[in-house]
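Student: There's a structure below that I have some questions on.
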Amino acid sequence: MKEITKSSLDCASWERAILESLGDAVIVVSATKRIEFMNRAAEKLTGIAAGCAFGRALTEVLHLAPEFGDELRGDLVELAILNGSSISLGRNLILRSDTGEDRAVEGEIAPCEVAGNPHGAVVTFRDVTERNRNELAQSHDQKVRAVAQLAGFIAHDLNNALTLILGHTDKLLRNLSPVDPLRDTAENIKDAGDMAAKVSDQLRLLSRSRRPVAFSGESQLCD
């Protein structure tokens, strides 16, 4: 009997050591939704020591809120037990730690059985703040590159049209006398073409720099 007890204790210690070494945060709760175990990763993310969390309600320790105003799912512990399998905690979740720090997290909750009977649930979650930040930066960079490529196409087509317009306008001005009533119209066309040419230059600059460019002629063009 002593050997069996010692073996059980050794097994429990081994399982605890495995849970403590995981990179993901792990919280084990009973069927009454009281915390029975937290690993070090969970302590770090929640800002609460395992000893202080033991016996407390899960919602008192795991402060989850939707990032974009979505509704949180219902009672996750009951949902996991009823579902009989792992379910997601939700999407775009923010975890507010006991220290007031907000972190983006994702995770799952799975039912836990003892001797074939529902015992509670195991919550696993991880910090995805840095990953989300990198994905957002990558998405922004892709959008900037797409805009820059489009700007290059527009600048090319606009420049071709302006070359024709300004060329014919210059020719028309050379053939019009200073008192010709059409001269003012031709000069207005040339002025507008010159402003458009500046915009074309800025578009080409944008297509090469891959950075936002302030369009100095925007106000004149809108007037």
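Student: I need to check one value: relative contact order of segment 102-164, counting alpha carbon pairs closer than 8 Å and at least 6 residues apart, in percent.
Tutor: 25 percent
Student: Compute the FRET efficiency between ASP102 and GLU36 as 1/(1 + (r/R0)^6), taking r as their Cβ-Cβ distance and R0 = 25 Å, and round to the nearest 0.05.
Tutor: 0.40
Student: Further question: With an 8 Å Cα cut-off and a minimum separation of 6 or more residues, compute the relative contact order for segment 134-222 in percent.
Tutor: Contact order relative to length: 40 percent.
Student: Taking the Cβ-Cβ separation of VAL114 and ALA57 as r and a Förster radius of 25 Å, what is the calculated FRET efficiency to the nearest 0.05?
Tutor: For R0 = 25 Å, the calculated efficiency reads 0.75.
Student: Add +1 for every Lys or Arg and -1 for every Asp or Glu among the other residues with Cβ under 13 Å from the Cβ of ILE154, and state the total.
Tutor: Residues near ILE154 contribute -1 overall.
Student: If you take every residue apart from ARG56 with its C-beta less than 15 Å away from the C-beta of ARG56, what net charge results, scoring Lys and Arg +1 and Asp and Glu -1?
Tutor: Result for the neighbourhood of ARG56: -2.
Student: Taking LYS143 as the anchor, which aspartates and glutamates have their alpha carbon closer than 13 Å to its alpha carbon, excluding any fewer than eight residues away along the same chain?
Tutor: Here the aspartates and glutamates satisfying the reach criterion relative to LYS143 are GLU135.
Every number here is computed from the coordinates shown, using simple stated rules; none is lab data. Remember, predicted model here, so these are calculated numbers, not experimental data. Ideal geometry is used to build each Cβ from the backbone, glycine not excepted, and the neighbour counts take in all protein chains shown.
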